[in-house]
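Okay, structure first, notes after.
Values quoted throughout were computed directly from the atomic coordinates according to the rules given, and no laboratory measurement underlies them. Please read these numbers as outputs of a predicted model, since none were measured by experiment. Note that we place each Cβ from the backbone using ideal geometry, even for glycine, and neighbour counts take in every protein chain shown.
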Amino acid sequence: MPVGQIVKAISGFYYVRTDGGDMLQCRARGVFKFDKKKLTPLVGDIVEFEKTGQNEGVVTSVQPRRNELIRPPIANVDQAVVVCSLRQPRFQQMPVDRFLVHGEREGLDLVIVLTKRDLLKNNGEIERISAIYRPAGYKVIATSVVTGEGMDELKAVLAGKVSVFAGQSGVGKSSLLNHLLPGMQLLTGQVSKKIARGRHTTRTVELLPMETNGQVADTPGFSQLTFQGFEPTELGDYFPEIRERAPECRFRGCLHTGEPGCAVKAALEQQEIDEKRYQNYTQFLAEIKDALARRY
Ligand SMILES: Nc1nc2c(ncn2[C@@H]2O[C@H](COP(=O)(O)OP(=O)(O)O)[C@@H](O)[C@H]2O)c(=O)[nH]1
Ligand SMILES: [Mg+2]
Ligand SMILES: [Zn+2]
């Protein structure tokens, strides 16, 4: 049976791109299940299909997923691009760390893209942010769609992968995608609030092909990322600079909040770990414990 990929889903129709590059409008047949759980096809799914007409078909099975994001609803993602602006609005670390933790949990490759480089006079802010994230192993790319700076580096990072763009409203996600996908003309910030709101509710996820063989998803952005379902002991795994040092802690299951012989606290005191990153770790830990306490 031929195999394709769902690249868009709208009200019960799945748009399947075939190996040959054709686009078929498909319905799904029957109930798909994995591990006894009912499953709805998602954008990003690799599926088997039958052709029923020139541009029409039926999805007959869904292949097992490598991963599955809930917001945006998309499967088989390789990478999340965490987008934040340097100015307008100015850089905020907390939402970035929140995105990174969720991305790490999903096993995604992660890259931080700083936008609106043209609004800065010097490199001070970029160096400050890079000094926080590069020691944790994250690539930081400063970009501007006005000057084109950083866009080649970003293209290189997106090549051959399925990437989603995460970031708060107004940081420049759609502008980046318009730059990467000329001819797409996604709506950017200039649209009126009213249109933007109306649009948001009808927005669907779509995987867009790039020249470099990669695919990007234009998504409404990740909002309200909570830590529901997290265990306190797993959080450290999602901070690479903590994960790396945790095996040296005296106690297994160390939460790095004052236990004796904690290697993470020691590294923090040596200023090998960024203080704000650690603060956000403890903040997220408190949120996790809080959510658990309210469950009982
Ligand atoms: N100066 C400057 N403005 C930008 C840049 N990228 C985006 N913007 C502006 O920032 C605003 C929000 O951009 P948009 O792409 O809609 O952000 P989104 O909400 O993350 O999709 C718009 O007014 C854009 O014109 C940039 O590189 N430089
Ligand atoms: Mg946008
Ligand atoms: Zn520890």
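Between 0 and 90 degrees, rounded to the nearest ten: what's the tilt of helix 93-105 against the longest Cα principal axis of the chain? Taking Cα atoms only, the helix is inclined about 60 degrees. Distance between the 7 Å Cα→Cβ label points at Asp237 and Lys51: 4.4 nm. Shown in residue order for the stretch 158-170 are the 3J(HN,Hα) couplings computed by the Karplus curve 6.51 cos²θ - 1.76 cosθ + 1.60 at θ = phi - 60°: 8, 4, x, 10, 8, 10, 10, 9, 10, x, 6, 4, x Hz (x for Gly and Pro). Each other residue within a Cβ distance under 15 Å of Arg27 adds +1 if Lys or Arg and -1 if Asp or Glu, for a net charge of -1.
Per 0.36 nm of contour for each residue apart, how much would the distance between Ser169 and Val146 grow if the chain were fully extended, relative to their Cα-Cα spacing?
Numbers: separation 23, 0.36 × 23 = 8.28 nm, distance 1.86 nm.
Roughly 6.4 nm would be gained on extension.
What the Cα atoms of the stretch 49-158 give is an Rg and a Dmax of 18.3, 59 Å. Taking amide H atoms as placed 1.01 Å from N in the peptide plane, the amide H of Ile74 lies under 5 Å from those of Leu69, each 5 or more residues away in sequence or on another chain. Once the mean of 1/r is taken over each pair of separate Cα atoms and inverted, the stretch 74-218 shows a Kirkwood hydrodynamic radius of 15.6 Å. Taking every C-alpha pair closer than 8 Å and separated by at least 6 residues, the mean separation divided by the residue count of the chain gives a relative contact order of 14 percent.
Near Glu68: Cβ cut-off under 15 Å, other residues only, Lys/Arg at +1 and Asp/Glu at -1. The net charge is +3. Under 12 Å from a point placed 7 Å out from the Cα of Thr60 along the Cα-to-Cβ direction: which residues of the stretch 1-25 have their backbone N that close? From the stretch 1-25, the list is 1-3. Between Leu119 and Phe34, the simple spin-label model (points 7 angstrom out along Cα→Cβ) gives 3.9 nm. As a ratio to 2.2 N^0.38 Å, the alpha-carbon radius of gyration for the chain is 1.10.
Beta bridges per DSSP, both residues in the stretch 1-150: antiparallel share near 60 percent. Across the stretch 71-82, rounded Karplus estimates of 3J(HN,Hα) from the backbone phi angles (6.51 cos²θ - 1.76 cosθ + 1.60, θ = phi - 60°) give 10, x, x, 7, 10, 6, 8, 8, 8, 10, 9, 8 Hz, Gly and Pro being marked x.
Can you tell me the order of 245-255, 166-176 when each peptide is scored by its average per-residue count of other Cβ atoms within 10 angstrom, highest first? Show your work: numbers first, answer last.
Working: 245-255: 14.9, 166-176: 22.1.
Highest-to-lowest ranking by the protection proxy: 166-176, 245-255.
FRET efficiency for the Glu287 to Arg250 pair, using the beta carbon distance and R₀ = 45 Å, is estimated at 0.95. Which angle from 0 to 90°, rounded to the nearest 10, does the C-alpha axis of helix 124-133 make with the longest principal axis of the chain? That works out to roughly 90 degrees. If I take R0 = 22 Å and measure r between the Cβ atoms of Glu127 and Gln271 in this structure, what FRET efficiency does the formula 1/(1 + (r/R0)^6) give, to the nearest 0.05? About 0.85, to the nearest 0.05.
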